[in-house]
Amino acid sequence: MLLIKHGRVLDPASNTESALDVLLDGERISKVGENLSAPGAEILDASGLFVAPGFIDLHCHLREPGGELSETIETGTKSAARGGFTAVCCMPNTHPVNDRASVTRGIVERAAATASVRVWPIGAASIGSKGEALAEIAAMKDAGIVAVSDDGKPIATARLMRQVMEYCDGLGLPVIDHCEDASLFAGGAMREGATSIRLGVPGIPSQTESICVGRDVEVASITRARLHIAHMSTRASLAYVRAAKKRGLRVTCEVTPHHFTLTDADVIYDTRFKMNPPLASRSDRDALVEGLADGSVDAIATDHAPHHPASKDVEFDRAPFGIVGFETALALGLDLVHSGALPLMRLVELFTTGPARVLGMERKIASGEPADLTIFSTEHQWIFRASDSPSKSRNSPFDGRTLRGAAMATIVAGKIAFRR
Ligand code: DOR
Ligand code: ZN
């Protein structure tokens, strides 16, 4: 038994914040109340800290199988635990692609043997994520996938999107799309604008994303199935999502910490600033923050995308897209709280009940619920050093940044997965 004492419990499901103790018995929460005692229980003193439901990351890349030079399920989930995440959804763009049950089972088994946090695989929508034939979605669901996506690429055509949505609706799975019009993307490496011109880096117009979001919302209006927009980065995309919600469509979206923190003006000729979608304009960033605050954005997701140093140590145009993100996500979110842009409860919702709802799950701090908790400080000052991370990769534009706030303990199924 583990007894968490003297913390402030933040529970978005009941919209309550209060000084409560939480007693965990095995893999479940056994009691929540004032001044709890439990003879023989291990005590975790959470004085001055917040106790939240376990954070869920809807979008990460653990690179296993096939990319073990950059990350493994073991190293990636250690990094996730440091970031306060108790469950992470891993994208299927591995080698081989997670497009069939045997690959899903392999991920689930590796996770059972090596992971620090829960690993919820996302299956490919199409075979090889090639955009032609549907993947073995039902068999992958039986093996444990929680959603489908061809992430790294968009679901290739509106017709395929319709098929995937109709199929997944029957299975109760959300379809997650990486929205990008391939013809506009064409060889770009950062957002098109004054900075891309100054740096001489090929640009990607913001409409590359929003055209595809618009397409997907229209397809969702045919199917009425669940659609989730991955790493949404522009004002125009948000407008499509808002309008879709107004129409009563089951459309949700996520935003990454880098997109709500940085803009294309922050990009220097350093491949740690290269990710897809690229950092957007200030107007786009400001729209995302408004969306996070007003509920139009459903979740914060990291898009943790590790790439080993040798692959990033090339010219900007030739480097792979992606940055690591687990360990900086909470503090970057807390920056929005410290600046007054977001109430703390709303931030916690974006890391917990928000992503859970996208997956059709619940998260709350109550007796009988899974003992997954994130205990964090809003004040702890620290410097993020990529070289200290258990991740195998170092590709973060936030390396060396002073941060305010951090996960102090991450509890998964009643066990302490990380403690600062
Ligand atoms: O930045 C990105 N990295 N965007 C993607 O869509 C793919 C990801 C990766 O797998 O590295
Ligand atoms: Zn993506």
So, in region 228-254, of the ones that are part of a strand (DSSP E or B) and either within 13 Å of ligand 2 (Cβ to nearest atom) or not aliphatic (A, V, I, L, M) (or both), which residue ends up nearest to the chain's Cα centre (by Cα)? Glu254
Filter region 240-260 down to residues that are of a type in the set (Gly, Ala, Ser) and in contact (Cβ under 8 Å) with a residue 12 or more places away in the chain and give me whichever is nearest to Asp151 (Cα to Cα). Ala244
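Within region 382-396, identify whether any single residue is without any contact (Cβ under 8 Å) to a residue 24 or more places away in the chain and either among the aliphatic types (A, V, I, L, M) or closer than 15 Å to His304 by Cα (or both), and answer yes or no. Outline the logic, then answer.
Step one: of region 382-396, the residues without any contact (Cβ under 8 Å) to a residue 24 or more places away in the chain are 383, 385, 387-388.
Subsequent filtering for residues that are either among the aliphatic types (A, V, I, L, M) or closer than 15 Å to His304 by Cα (or both) retains 383.
Within region 382-396, one or more residues are without any contact (Cβ under 8 Å) to a residue 24 or more places away in the chain and either among the aliphatic types (A, V, I, L, M) or closer than 15 Å to His304 by Cα (or both).
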Just checking, does region 91-102 include any residue being within 14 Å of the chain's Cα centre (by Cα) and touching a residue at least 60 places away in the same chain (Cβ under 8 Å)? yes
Residue identified as within 24 Å of Phe326 (Cα to Cα) and either buried (at least 18 other Cβ atoms within 10 Å of the Cβ) or among the charged types (D, E, K, R) (or both) among Arg247, Arg198, Arg191, Arg215: Arg191
Listed by first then second residue, the pairs whose first member lies in region 137-163 and is among the polar types (S, T, N, Q), whose partner is part of a loop (DSSP other than H, G, I, E, B), with beta carbons under 7 Å and at least 6 positions apart or on separate chains, are Ser149/Met91; Ser149/Pro92; Ser149/Ala125; Ser149/His178; Ser149/Ala230; Thr157/Gly131
What single numbered condition from (1) more than 14 Å from ligand 2 (Cβ to nearest atom); (2) over 18 Å from the mean Cα position of the chain (by Cα); (3) over 22 Å from Leu347 (Cα atoms) fails to hold for Thr208? (1)
Can you name the number of the only condition in (1) assigned to a helix (DSSP H, G or I); (2) more than 18 Å from the chain's Cα centre (by Cα) that Leu342 fails? (1)
When the residues of region 284-295 are filtered to those that are under 11 Å from Leu238 (Cβ atoms) and surrounded by fewer than 20 Cβ atoms within 10 Å (Cβ to Cβ), which remaining residue is nearest to the chain's Cα centre (by Cα)? Val289
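Tell me the strands (runs of 3 or more DSSP E) entirely within region 70-188 that contain at least 1 residues that are closer than 30 Å to Ser389 by Cα, in contact with a Ser or Thr (Cβ under 9 Å, 6 or more places away or on another chain) and more than 16 Å from ligand 2 (Cβ to nearest atom).
Numbers: elements: 85-90, 118-123, 147-149, 175-177.
Result: 85-90, 118-123.
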How many residues of region 358-377 are crowded, with 20+ Cβ neighbours inside 10 Å, charged (D, E, K, R) and within 22 Å of Gly295 (Cβ to Cβ)? The answer is 1
Among what's in region 99-156 and is polar (S, T, N, Q) and in contact with a helix residue (DSSP H, G or I) (Cβ under 7 Å, 6 or more places away or on another chain), pick the residue that is surrounded by the fewest Cβ atoms within 10 Å (Cβ to Cβ). Thr114
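Just the residues that are of a type in the set (Asp, Glu) and within 20 Å of Val219 (Cα to Cα), please, taken from region 133-165. Don't jump to the end; show me each part of the working.
First, the residues of region 133-165 that are of a type in the set (Asp, Glu): 136, 142, 150-151.
Across region 133-165, the qualifying residues are Asp150, Asp151.
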Evaluate the following for Ser196: is it more than 16 Å from ligand 2 (Cβ to nearest atom), assigned to a helix (DSSP H, G or I), farther than 17 Å from Ala156 by Cβ and in contact with a strand residue (DSSP E or B) (Cβ under 7 Å, 6 or more places away or on another chain)? yes
Please work out which residue is nearest to the chain's Cα centre (by Cα), limiting yourself to region 35-52 and to residues that are more than 26 Å from Ala331 (Cα to Cα) and of a type in the set (Gly, Ala, Ser). Ala41
Within region 282-309, can you find the residues that are more than 15 Å from ligand 2 (Cβ to nearest atom) and touching a residue at least 60 places away in the same chain (Cβ under 8 Å)? Asp284, Val297, Asp298, His308, Pro309
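Could you list, in sequence order, all residues of region 103-158 that are among the small types (Gly, Ala, Ser) and out of contact with any Asp or Glu (no Cβ under 8 Å at 6 or more places or on another chain)? Let's see the steps before the verdict.
Start the filter on region 103-158 by keeping residues that are among the small types (Gly, Ala, Ser), which leaves 106, 111-113, 115-116, 123-126, 128-129, 131, 133, 135, 138-139, 143-144, 147, 149, 152, 156, 158.
Within region 103-158, Gly106, Ala111, Ala112, Ala113, Ala133, Ala138, Ala139, Ala143, Gly144, Ala147, Gly152 meet the criteria.
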When you scan region 32-40, do you find a residue that is of a type in the set (Asp, Glu), in a loop (DSSP other than H, G, I, E, B) and without any contact (Cβ under 8 Å) to a residue 60 or more places away in the chain, even just one? yes
Do you know which residues across region 255-280 are in a loop (DSSP other than H, G, I, E, B) and of a type in the set (Asp, Glu)? Asp270
Test Ile127 against the criterion of being of a type in the set (Val, Ile, Thr) and touching a Gly at 6+ places or on another chain (Cβ under 7 Å), and give yes or no. no
Could you say whether any residue in region 50-58 is in a loop (DSSP other than H, G, I, E, B), touching a Ser or Thr at 6+ places or on another chain (Cβ under 9 Å) and modelled with pLDDT of 95 or more? yes
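The values are calculated or read from the model by the stated rules, or taken from the named source; none is laboratory data. All values reported here derive from a predicted model rather than from experimental measurement. Don't worry about glycine lacking a Cβ; one is built from the backbone with ideal geometry, like all the others, and counts go over all protein chains shown.
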